[in-house]
Amino acid sequence: MPTIHGKNFIWTHLNKPSEEDILEIAKNRDLHFLVADELLHPTFRPKVEQYGSHLYLILHFPKYDAQDSNRGNEIDFVIGKDFLITTQYAPLPALEEFVTSCETDKRKAMQYLTNTGELLYHLLSRLFAYSLTELEKMDKKISAMENSIFREQNRKYVEDISLLRREILDFRRIIHPQQSVLRSLEEEGKVFFGKDMCLYLSRIIGDYLRMWHILENHKETVEALHETNESLLSIRTAEITKNLTIMAFIALPLTLLANLFGMNVSSFPIVGNPYDFWIIVGIMFVGILGMFVFFKWKKWI
């Protein structure tokens, strides 16, 4: 439970806190019992609420996992005038690096630990920047898939695109509710921190909107890739079907001709002629050539 001293406040960071940790810090900071109760376990939806002397903010930030798609990592913020409490329930590298840098780097500590409002701004900016790096991973995956699709049409990419669409939907599901929460934070923050914080809170919303627009662009790109891949596969399937149909149409009369000359009858034209074999082969060759010319004339091949 790292405790970092700011200019006029104390920042306490909780990582998977136990009930004893929560009860101790709730007593020391005079937290509302509802806040203390919610800090004991993760919450499924983001929100911001004011409890007299402190604000309670819950946000979720996506963390890309190649085996488990996007998982939402919850961060709880309890903001007072002279204290800030942050709580995480699962590893989140961006937050852990920020805490460590504030503990070990005096220059960054002086920059970030001015007051609780500015520290909250820097924390949220770092977390949204982390989400943007997660989107960059997705962008690289989309670009690689785009090149592969146009290089070779493969049914394997149908599954890959479906997985990528699921990743985007998970990302959207996690961050979409944050817009209304951040708008509420902007309104509550004006009253709680004063007008000086308006610019910082507006920048946070700007970071969120930039991330949302990139995500929307990824969604549209993947949808277009899905449609393109489906079209390419349909064209390839139609081409194969056409070729097989032409082959069957050519082979059918040849098979019929071969069966006719293979019939066990007493008298048959051409059969018995010294050159009967070559005559029959010639008839077949002329038939194939005639079919080819006919298909070319119809522009089927």
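The values are calculated or read from the model by the stated rules, or taken from the named source; none is laboratory data. Since the structure is predicted, the reported quantities are computational estimates derived from the model, not experimental observations. Positions of Cβ are generated from backbone atoms using ideal geometry, with glycine treated the same way; all protein chains shown enter the neighbour counts.
The table that follows gives values for the structure above.
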item: His213, sole failed condition from (1) surrounded by 11 or more Cβ atoms within 10 Å (Cβ to Cβ); (2) modelled with pLDDT of 80 or more; (3) of a type outside the set (Lys, Arg); result: (1)
item: Residue among Glu146, Glu187, Glu167, Glu159 that alone is on the phi < 0 side of the Ramachandran plot, in the same structural domain as Pro62 (by TED's automatic domain parsing), touching a Leu at 6+ places or on another chain (Cβ under 8 Å) and assigned to a helix (DSSP H, G or I); result: Glu146
item: The range 1-59: number of residues that are assigned to a strand (DSSP E or B), polar (S, T, N, Q) and touching a residue at least 24 places away in the same chain (Cβ under 8 Å); result: 3
item: Filter result for Ile175 (touching a Pro at 6+ places or on another chain (Cβ under 7 Å) and of a type in the set (A, V, I, L, M)); result: yes
item: Unique match (being among the aromatic types (Phe, Trp, Tyr) and over 17 Å from the mean Cα position of the chain (by Cα)) among Tyr157, Tyr112, Tyr130; result: Tyr112
item: All positions within the range 179-204 that are touching a helix residue (DSSP H, G or I) at 6+ places or on another chain (Cβ under 6 Å) and buried (at least 18 other Cβ atoms within 10 Å of the Cβ); result: Leu182, Gly189, Phe193, Met197, Tyr200, Leu201, Ile204
item: Matching option when the condition is at pLDDT below 90, of a type in the set (Gly, Ala, Ser), assigned to a loop (DSSP other than H, G, I, E, B) and assigned by TED's automatic domain parsing to the domain that holds Arg165, among Ala94, Ala90; result: Ala90
item: Failed item in (1) touching a strand residue (DSSP E or B) at 6+ places or on another chain (Cβ under 7 Å); (2) exposed (fewer than 11 other Cβ atoms within 10 Å of the Cβ), with Glu20 passing the rest; result: (1)
